[in-house]
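Asks: My questions all concern the structure below.
The values are calculated or read from the model by the stated rules, or taken from the named source; none is laboratory data. For clarity, every value in this text was computed on a predicted model and none was experimentally measured. Every residue, glycine as well, gets a Cβ built from its backbone with ideal geometry; the counts of neighbours run over all protein chains shown. Keep in mind that these areas ignore ligands, DNA and RNA; they rest on the heavy atoms of the full protein, side chains included. Shrake-Rupley method; radii C 1.70, N 1.55, O 1.52, S 1.80 Å.
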Amino acid sequence: MTGLVVTGWSAITAAGVGEAPPLEPLPAARVTDLFEEALPEESAPVLTVFDVRAHLGRKGTGSYDRATALATTACGEALKAGSVEVNDATRGRIGVVLGTTVGSFRSTSDYSRDTLVQEKPYLVNPLLFPNTVMNCAAGQAAIRHGLKGVNSTVAGGPLAFHQALRYAANALERGYADVMLVGCVEEYSPHRAWQTAAARRSGPTGEGTAVFVVERADAARRPGSTVQAEVLAVATAFGWGDAAADALAGCVLRVLREAGVTAGEVTAVATGDAQEYEPAARALGHRPERVTVSELYGQCDAATGGLSLGALLGRRLGGVALLTARTRDGGVGAALVRGPS
């Protein structure tokens, strides 16, 4: 994989817009006051005060669902943080890749429901259909910010951010783009809350987004931009059942080998949930500091990997950190990142 660097980023969580996710549990809000539908939980770490119009203006934002509003806002904030100038000379070389689970779960479910309950011939609102497309957030972000480079969405659940990094690396290495906005997003909705409860996953349902300005390490730096982290290597694999732990350990060994990093250099491991840490520690041969996203920010699914990196960058990552991911169907991933010297 071509060496990548992060030159700007932004995150949106219950901590606020543009704020680094803290390395402590986010405050829980009373979500039963936010939705008319019944919920399986009374409180969750969600952003209660968020008005997309305050960040992007009224024009064109009225039809945004929550996932699109969060991601599009974060993309704009990341462009500013990375000193990325979007003009006629550059817009065709700036791409977007976002990781998600299914896009906006609420938009898809509500639209599908309308096709069943509305009067024949099922007069659903056609203006809502674009929100059911998984690529809605990435597409709207590109439209809003005038980006005409490669645009894609990766559906990978908790593994989505790792897959988005690999996608961006391929696009940059093959010359399809000079700059990639790489991120992930997950919105809170009654639909996701009930899904989390039905799966008997521990902790509340969370939400958030994180977007990073990613470039080739050997590219010329823009005026005003600084390298905030290096992405040294990313690996993904699959292992069903008990084999998932071995597959994850294998990914850890693979990224160490590809990056030329010794296990002893890894000072922190950011995991989506607690079960990822033991295979990672076994592969490393020691037990670095652990950051577990689900314990801090709730079950954030596709946003997990990006929030992990944001939390580490927010505390001014020094040395090498390992980001791990694991899905319920056996997908696993590992990424090595290093803070600036």
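Asks: I'd like the Karplus ³J(HN,Hα) series for the range 79-87: coefficients 6.51, -1.76, 1.60, θ = phi - 60°, whole numbers in Hz, and an x wherever there's a Gly or Pro.
Replies: Each residue of the range 79-87 in turn: 4, 5, 5, x, 6, 8, 8, 9, 9 Hz.
Asks: At q = 0.13, 0.18, 0.26 Å⁻¹, what log₁₀ I(q)/I(0) does the range 142-219 have when each alpha carbon counts as one equal point scatterer in the Debye sum?
Replies: With no solvent term, the Cα-only Debye profile gives -0.51, -0.81, -1.28.
Asks: Looking at Val84, Val6, Val17, which one has the Cα that reaches farthest to the positive end of the dipole of the range 1-85 (charges on Cβ: Lys, Arg +1; Asp, Glu -1)?
Replies: Val84
Asks: Express the accessible area of the range 204-272 per residue in Å², computed with a 1.4 Å probe while the remaining protein chains stay in the model.
Replies: Heavy-atom accessible area per residue stands at 39 Å².
Asks: Within the accessible area of the range 116-259, what % is carbon and sulfur when the probe is 1.4 Å and the other protein chains stay in place?
Replies: 57
Asks: Would you mind pulling out the separation of the Cα centroids of the range 311-341 and the range 91-118, in Å?
Replies: 27
Asks: Once the Cα gyration tensor of the chain is found, what semi-axes does its equivalent ellipsoid get, as square roots of 5 times the eigenvalues, in whole Å, sorted largest first?
Replies: Numbers: eigenvalues 185, 125, 63 Å².
That gives 30, 25, 18 Å for the three semi-axes.
Asks: Please give every one of the aspartates and glutamates within straight-line cross-link reach of Lys148, meaning a C-alpha to C-alpha distance under 16 Å, and leave out same-chain neighbours fewer than 8 residues apart.
Replies: Leaving aside aspartates and glutamates fewer than 8 places away in the same chain, those within reach of Lys148 are Glu85, Asp88, Asp178.
Asks: Show the residues, 5+ positions off or on another chain, whose built amide H is closer than 5 Å to the amide H of Thr292.
Replies: Thr271
Asks: Within the range 194-265, which trypsin sites (Lys or Arg not before Pro) sit in a loop by DSSP and count at most 13 neighbouring Cβ atoms inside 10 Å?
Replies: Counting only loop positions with at most 13 other Cβ atoms within 10 Å, the trypsin sites (Lys or Arg not before Pro) in the range 194-265 are Arg200, Arg221.
Asks: Arrange the residues His286, His162 by how much accessible surface each exposes, largest first, with a 1.4 angstrom probe.
Replies: His286, His162
Asks: Note down the nm distance, to one decimal, between modelled labels 7 Å out along Cα→Cβ at Leu116 and at Ala198.
Replies: Each label point is offset 7 Å from its Cα along the Cβ direction, giving 1.1 nm.
Asks: With a 1.4 Å probe and every protein chain left in place, tell me how much accessible area Ser83 has, in Å² to the nearest 10.
Replies: Only protein atoms counted, so the area is about 50 Å².
Asks: Then there's this: Residues of the range 220-242 with the amide nitrogen closer than 19 Å to a label point 7 Å from the Cα of Arg257, along Cα-to-Cβ, please.
Replies: Only 232-239 pass the distance filter.
Asks: Using a ≥ b ≥ c from the Cα gyration tensor of the range 185-341 (square roots of the eigenvalues), is it rounded, prolate or oblate, where a/c under 1.5 gives rounded and otherwise the larger of a/b and b/c decides, a/b for prolate?
Replies: Oblate shape, in that a/c is at least 1.5 and b/c is the bigger or equal ratio.
Asks: Would you please give the residues with an amide H less than 5 Å from that of Ala29, counting only those at least 5 places away or on a separate chain, with H modeled from the backbone geometry?
Replies: The answer is Ala44, Val46.
Asks: Keeping all protein chains in position, work out how much accessible area Arg174 exposes to a 1.4 Å probe, and write it in Å² to the nearest 10.
Replies: Its accessible surface works out to 140 Å², give or take rounding.
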